[in-house]
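S.K.: I am attaching a structure below and will ask some questions about it afterwards.
The values are calculated or read from the model by the stated rules, or taken from the named source; none is laboratory data. The structure displayed is predicted, hence computed values, not measured ones. Note: ideal-geometry Cβ built from the backbone for every residue, glycine included; neighbour counts use all protein chains shown.
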Amino acid sequence: MISPKTAAAAERGIRIVGQGLCGSLLALALEERGVPFLVEDTPLPGEASAVAPGIVNPLAGRRLKPPENIKDLLASLHRTRERLHQIFASDFWHASPILRLFFDDPQIERYREMLAGPGSQFVEERFPENHFPYLNDHFGSFLTREGGWMDLPELKSAVRQWLCQTGRLAETVADPRTAEPDGRLRVFCEGWRFAENPLWNWLPHNPARGEMLIIEFGTELPRDHIFNQTCWAQPLPDGKWRIGATYAWDDFTGAPSVRAAEDLQERLRLLTPVPFTVKDQVAGVRPILEDYKPVLGFHPDNPVEGVLNAMGSKGVLQTPSAVEAFAAHLFDGKELPPAWAIDRFA
């Protein structure tokens, strides 16, 4: 239940710390409810939303199994896209089925097991081995429906412009040791840096740096799919492709590394025989907890400090639902999803 102190602080207004995907969507949710708010944000090295691919894949991972709440997650994503379109005349979404290449026989067996469960609803078509001349599909492939990606940098830029125009953006760095002087509620949506925040550093943090390449193919591949095997290849509107992504648990400065560039190029050659040229390399840090689930709620010892964070690599799929759950908890008294609630660590 929401404490009276939390409810009273929310009525006086809310300060959102961080304007990544969580902070942006929370600001829009508060605007819809007529709740006064201010977003506090300044660009810092390593932020994920500035470079994140924003890919949604219902059958991501080696086990090819959708999340148990996949229907609710997709429904929330669709509601958010509709809201974005109403406000900005764009939902920033690029529908793109995902062509997943099998890389060995055990994965084919996992695919067959998946077909016996709820994951089968996301399978569009299966293709035999060596079906596509521009891919190394030696074990065959299958097409996943409901895939696509959200242009997070464009979304963040549009929301930032709206915040500036309405006077609700403070380009400052929050000090977590100092409470809000006017008694407002504060919600931290600051990405991986909440691992360094003394309010939240007791949580089991496990941030991971991810790096990606921006490339051009020598012979153009079809641009109506995202290709996925040992890496994924994502078509970009400017004719280039984004290739990703690595995982590393050190060096969170956001600076690209030679090691990651070599790794991604090697994996891309396993995906396709088509020659390519590297045009750029980007890096960001995913906010992740050790159980790989989001964290929502309020500080156990200070109920005017909230957190909405740790969406990880499934940010676009999980954040809309997390923001809806957080707002419903704060204003309607609904319980937070137990698997995501901060109470699981208290």
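S.K.: Name the one entry in His94, His85 that is closer than 21 Å to Trp241 by Cα and not in a loop (DSSP other than H, G, I, E, B). Outline the logic, then answer.
M.R.: Numbers: His85 fails: closer than 21 Å to Trp241 by Cα.
Being closer than 21 Å to Trp241 by Cα and not in a loop (DSSP other than H, G, I, E, B) holds for just one of His94, His85, which is His94.
S.K.: Follow-up. Could you list, in sequence order, all residues of segment 161-183 that are under 20 Å from Glu11 (Cβ atoms) and charged (D, E, K, R)?
M.R.: Arg168, Glu180, Asp182
S.K.: Going residue by residue through segment 183-203, is there one that turns out to be more than 27 Å from the chain's Cα centre (by Cα) and not assigned by TED's automatic domain parsing to the domain that holds Arg242?
M.R.: Our first condition is that a residue be more than 27 Å from the chain's Cα centre (by Cα); within segment 183-203, this holds for 183-184.
Imposing the further condition that a residue be not assigned by TED's automatic domain parsing to the domain that holds Arg242 reduces the set to 183-184.
There is at least one residue in segment 183-203 that is more than 27 Å from the chain's Cα centre (by Cα) and not assigned by TED's automatic domain parsing to the domain that holds Arg242.
S.K.: Condition check: over 15 Å from the mean Cα position of the chain (by Cα) and assigned to a helix (DSSP H, G or I). Does Lys71 satisfy that? Walk me through it before giving the result.
M.R.: Details: over 15 Å from the mean Cα position of the chain (by Cα): yes; assigned to a helix (DSSP H, G or I): yes.
In short, yes.
S.K.: Identify all residues within segment 247-278 that are surrounded by 12 or more Cβ atoms within 10 Å (Cβ to Cβ), of a type in the set (D, E, K, R) and more than 30 Å from Arg177 (Cβ to Cβ); write none if there are none.
M.R.: Asp263, Arg267, Arg269
S.K.: Sticking with this one: For segment 7-46, which residues satisfy the criterion of being among the hydroxyl-bearing types (Ser, Thr, Tyr) and surrounded by fewer than 20 Cβ atoms within 10 Å (Cβ to Cβ)?
M.R.: From segment 7-46, those among the hydroxyl-bearing types (Ser, Thr, Tyr) are 24, 42; that's our starting set.
Passing the criteria: only Thr42.
Residues checked against (1) exposed (fewer than 15 other Cβ atoms within 10 Å of the Cβ); (2) among the acidic types (Asp, Glu); (3) in the same structural domain as Thr219 (by TED's automatic domain parsing); (4) over 19 Å from Pro235 (Cα atoms):
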| residue | (1), (2), (3), (4) |
| --- | --- |
| Ala95 | yes, no, no, no |
| Ile98 | no, no, no, no |
| Pro118 | yes, no, no, yes |
| Val123 | no, no, no, yes |
| His131 | yes, no, no, yes |
| His138 | yes, no, no, yes |
| Glu146 | no, yes, no, no |
| Ser157 | yes, no, no, yes |
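S.K.: Residue check: is Glu11 closer than 23 Å to Ala158 by Cβ, part of a helix (DSSP H, G or I) and either over 17 Å from the mean Cα position of the chain (by Cα) or at pLDDT below 90 (or both)?
M.R.: no
S.K.: Here's something else I'd like to know. On the basis of being among the β-branched types (Val, Ile, Thr), within 22 Å of Glu196 (Cβ to Cβ), in contact with a strand residue (DSSP E or B) (Cβ under 7 Å, 6 or more places away or on another chain) and buried (at least 23 other Cβ atoms within 10 Å of the Cβ), does Val316 make the cut? Please lay out each step first, then the result.
M.R.: Values: among the β-branched types (Val, Ile, Thr): yes; within 22 Å of Glu196 (Cβ to Cβ): no; in contact with a strand residue (DSSP E or B) (Cβ under 7 Å, 6 or more places away or on another chain): yes; buried (at least 23 other Cβ atoms within 10 Å of the Cβ): yes.
No; evaluated as a whole, the condition is false for this residue.
S.K.: Before we move on, is Ala322 assigned to a helix (DSSP H, G or I), surrounded by fewer than 21 Cβ atoms within 10 Å (Cβ to Cβ) and of a type outside the set (Asp, Glu)?
M.R.: Working: assigned to a helix (DSSP H, G or I): yes; surrounded by fewer than 21 Cβ atoms within 10 Å (Cβ to Cβ): no; of a type outside the set (Asp, Glu): yes.
For Ala322, the condition - assigned to a helix (DSSP H, G or I), surrounded by fewer than 21 Cβ atoms within 10 Å (Cβ to Cβ) and of a type outside the set (Asp, Glu) - is not met.
S.K.: Continuing with the same structure: Give the residues of segment 293-314 that are modelled with pLDDT of 95 or more and either under 14 Å from the mean Cα position of the chain (by Cα) or in a helix (DSSP H, G or I) (or both), sorted by residue number.
M.R.: Lys293, Pro294, Val295, Leu308, Asn309, Ala310, Met311, listed by residue number.
S.K.: Which residue, of Gln281, Gln318, is at pLDDT 95 or above, touching a Pro at 6+ places or on another chain (Cβ under 7 Å), not assigned by TED's automatic domain parsing to the domain that holds Ala174 and not charged (D, E, K, R)? Talk me through it step by step, then tell me what you get.
M.R.: Numbers: Gln318 fails: not assigned by TED's automatic domain parsing to the domain that holds Ala174.
The conditions single out Gln281.
S.K.: Which of the residues belonging to segment 90-113 are under 22 Å from the mean Cα position of the chain (by Cα) and either at positive phi or hydroxyl-bearing (Ser, Thr, Tyr) (or both)?
M.R.: The first filter runs over segment 90-113 and keeps only residues under 22 Å from the mean Cα position of the chain (by Cα), leaving 90-100.
Selection gives Ser90, Phe92, Ser96.
S.K.: Moving on. Scan segment 163-186 and tell me whether some residue there is more than 30 Å from Phe37 (Cα to Cα), in contact (Cβ under 8 Å) with a residue 24 or more places away in the chain and of a type in the set (D, E, K, R).
M.R.: Going through segment 163-186, the residues more than 30 Å from Phe37 (Cα to Cα) turn out to be none.
Looking through segment 163-186, none of the residues is more than 30 Å from Phe37 (Cα to Cα), in contact (Cβ under 8 Å) with a residue 24 or more places away in the chain and of a type in the set (D, E, K, R).
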